Amino acid sequence: MKINTPHCFLVADDHSIVRNGLALVIRSTFDNAFIYQAGTFNEIQTFVSEIKIDFLILDISFPEGSVLRLLPGLKALQPNMKILMFSSFEEEVYALRYIKAGADGYLSKLSTPEDIQNALEIMIREGKYTSDKIKEKIVDSYMLKKPDNPLEELSHREMEIATLLVKGYGNLEISNELDLKATTVSTYKTRVFEKLNITTLPALIQKFDLYHDTTEN
């Protein structure tokens with residue numbers, strides 16, 4: 001179904017092939033779509049600062065890092081802008097984390113063009129998009145007050161540090177990567193181990209093997 005109402009999209013991903021593919025899907029759904037593309041944090045912030053954007057389709061990971069810390073600022077610049085996360089990272093692990101941070105929906109990069117069209121049409125009608133799987137997790141998180149994925153108990157910073165540990169980074173490398181004191185990194189590492197009820201790095205790796213997709217986008 002073609003939608004004739006004009007809408008302005010910003011497609012943000014550090015891979016041009018992904019941006020161009022999404023642009024094709026958007027044009028097949030919206031007759032009057034204005035589509036901008038961004039490949040870096042600076043480009044995203046420039047567009048959102050200077051142009052009224054209706055829909056931001058946003059990858060999770062860029063060479064500059066995770067967009068998690070960008071979300072509050074982007075929403076502050078344009079409160080009515082709808083943000084759809086579009087990532088290869090596991091929906092079960094990441095979706096709630098990003099929705100709680102300000103995103104209006106989450107969609108896997110494994111989705112078909114029809115899935116993407118459907119998600120965009122739902123966001124037009126309802127302002128949000130969540131899969132049935134994530135709707136169930138939202139209900140469970142409020143009613144049971146405990147996530148079924150132990151990694152969801154980690155804070156954003158704890159998740160960053162745990163991910164780097166699993167990738168083989170040492171405390172000093174993490175300190176340099178995240179611009180933190182080495183003692184702060186050590187404290188966060190202790191908290192991660194305590195929350196996950198583990199005592200060794202191999203145990204952490206095993207947790208990630210079970211609950212977390214560590215492959216790059």
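Quick notes on this structure:
- Leu77 vs. criteria modelled with pLDDT of 95 or more, open to solvent by 60 Å² or more (accessible area, probe 1.4 Å) and not basic (Lys, Arg): yes
- Long-range neighbours under 6 Å by Cβ, at least six apart or interchain, first residue more than 16 Å from Arg19 (Cβ to Cβ) within segment 103-116, second open to solvent by 10 Å² or more (accessible area, probe 1.4 Å) and in a loop (DSSP other than H, G, I, E, B): Asp104/Lys128; Gly105/Lys128
- Residue count for segment 72-124, restricted to those that are within 20 Å of Ile44 (Cα to Cα) and touching a helix residue (DSSP H, G or I) at 6+ places or on another chain (Cβ under 8 Å): 22.
- Of all residues making up segment 22-42, the number that are surrounded by fewer than 16 Cβ atoms within 10 Å (Cβ to Cβ) and under 20 Å from the mean Cα position of the chain (by Cα): 2
- Positions within segment 90-102 being part of a helix (DSSP H, G or I) and free of Cβ contacts under 8 Å to residues at least 40 places away in the same chain, in sequence order: Tyr94, Tyr98, Ile99, Lys100
- Verdict on Ala12 being aliphatic (A, V, I, L, M), open to solvent by 10 Å² or more (accessible area, probe 1.4 Å) and within 20 Å of Gly127 (Cβ to Cβ): no
- Look at segment 158-181: where a residue is more than 20 Å from Lys195 (Cα to Cα) and a partner is buried (at least 17 other Cβ atoms within 10 Å of the Cβ), sitting 6+ places away or on another chain with Cβ atoms under 7 Å, you get Ser175/Val185; Glu177/Leu164; Glu177/Tyr169; Leu178/Glu160; Lys181/Ser175.
- Subset of segment 43-61 that is surrounded by 20 or more Cβ atoms within 10 Å (Cβ to Cβ), in contact (Cβ under 8 Å) with a residue 40 or more places away in the chain and not charged (D, E, K, R) - its residue that is nearest to Ala23 (Cα to Cα): Ile57
- Boolean, His15 is in contact with a strand residue (DSSP E or B) (Cβ under 9 Å, 6 or more places away or on another chain) and closer than 24 Å to Leu74 by Cα: no
The values are calculated or read from the model by the stated rules, or taken from the named source; none is laboratory data. Note that the coordinates shown come from a computational prediction; the quantities given were computed from them, not determined experimentally. With ideal geometry, Cβ positions are generated from the backbone for all residues, glycine too; neighbour counts draw on all protein chains shown. Please note that ligands, DNA and RNA were not included when accessible areas were found on the heavy atoms of the full protein model with its side chains. Shrake-Rupley method; radii C 1.70, N 1.55, O 1.52, S 1.80 Å.
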